Amino acid sequence: MNFQAVKTIYTYEMARTMRTIMQSIVSPVISTTLYFVVFGAAIGSRISEVDGISYGAFIVPGLIMLSLMTQSLSNASFGIYFPQFTGTIFEILSAPVSFLEITIAYVGAAATKSAFVGLIILITASFFVPLQILHPVWMVTFFLLTSIIFALLGFIIGIWADNFEKLQFVPLLIVTPLAFLGGSFYSISMLPPIWQKVTLLNPVVYLISGFRWSFYGQADVSLWLSLAMTFVFLFICLAIIRWMFKTGYKLKA
């Protein structure tokens with residue numbers, strides 16, 4: 001493992017965050033806080049509790065997960081797309097650095113940035129509603145796994161995209177709707193039976209469900225199913241990235 005190479009790429013990506021702190025940190029925190037205020041006030045006045053939990057507290061895990069997904073995705077996709085756009089990706093590929101080291105550096109930086117944003121949102125939410133974390137170890141586990149998985153997915157999108165429109169296509173038209181329909185703001189048990197079954201086809205459900213269980217001990221699906229599906233998504237992303245580097249897909253053209 002070339003730790004110096006990993007450190008160099010990781011440090012560069014983290015430094016870029018500090019140069020765009022308004023876009024990278026402040027903007028997503030403000031946006032998520034507005035989600036919390038609007039949904040908590042507008043819907044919370046009509047739905048006092050969900051499964052015995054106040055609606056304001058109930059949506060906090062979903063909002064954090066929504067932020068982790070979108071930020072990990074955008075950070076990682078732009079991080080690897082920009083070197084392709086400028087042509088500097090060939091310098092990285094010609095260096096004695098393996099695909100695993102490149103992936104660890106870029107994905108690690110993207111996951112770190114999104115985790116930092118998620119932590120700020122968690123702290124901010126604690127000022128609005130009383131929060132309890134019954135299973136902190138599991139909370140950290142799902143928190144980090146979600147950051148890593150969507151950073152890996154963003155890394156894949158960044159390699160696949162050959163223009164800025166494609167770079168935004170998956171996050172805006174696929175991931176965000178899946179997050180909203182995956183139980184971020186409601187329990188899928190509130191849906192009609194047929195739609196509950198359809199919703200289980202949404203992979204985001206398992207991430208949000210496991211994360212919410214770590215807070216309140218209640219979930220739409222079992223903890224172990226959520227964890228198993230989480231690792232399935234992780235290994236699928238890793239397999240796709242390995243294939244991309246092995247075949248040179250969109251990297252050697």
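By the count of neighbouring beta-carbon atoms within 10 Å, fewest first, 197, 113 end up ordered 197, 113.
Residues 70, 17, arranged from fewest to most other Cβ atoms within 10 angstrom of their Cβ, appear as 17, 70.
Across the alpha-carbon atoms of the stretch 91-170, the computed radius of gyration and Dmax are 16.4, 52 angstrom. Helix 3-19 and the longest principal axis of the C-alpha atoms of the chain enclose an angle of approximately 60°. Taking Cα atoms only, the orientation of helix 27-42 departs from the longest principal axis of the chain by about 20 degrees. Close lysine pairs were tallied over the chain: pairs 8 or more places apart or on different chains with Cα atoms under 24 Å apart number 6. Annotation: Cα Rg of the stretch 132-193 relative to the compact-globule expectation 2.2 N^0.38 Å equals 1.45. Here the mean projected area of the convex hull built on the C-alpha positions of the stretch 109-253 is 10.0 nm².
By the count of neighbouring beta-carbon atoms within 10 Å, fewest first, 212, 16 end up ordered 16, 212. Here the convex hull built on the C-alpha positions of the chain has a volume of 129 cubic angstrom per residue. Less than 5 angstrom separates the built amide H of residue 50 from those of 55, all sequence-distant by 5 or more or on a different chain.
Helix 136-160 and the longest principal axis of the Cα set of the chain meet at an angle near 50°.
Coordinate-derived values only; no laboratory data. The shown structure was predicted, so the numbers you read here are calculated from the model rather than taken from an experiment. Positions of Cβ are backbone-derived with ideal geometry, glycine not excepted, and every protein chain shown enters the neighbour counts.
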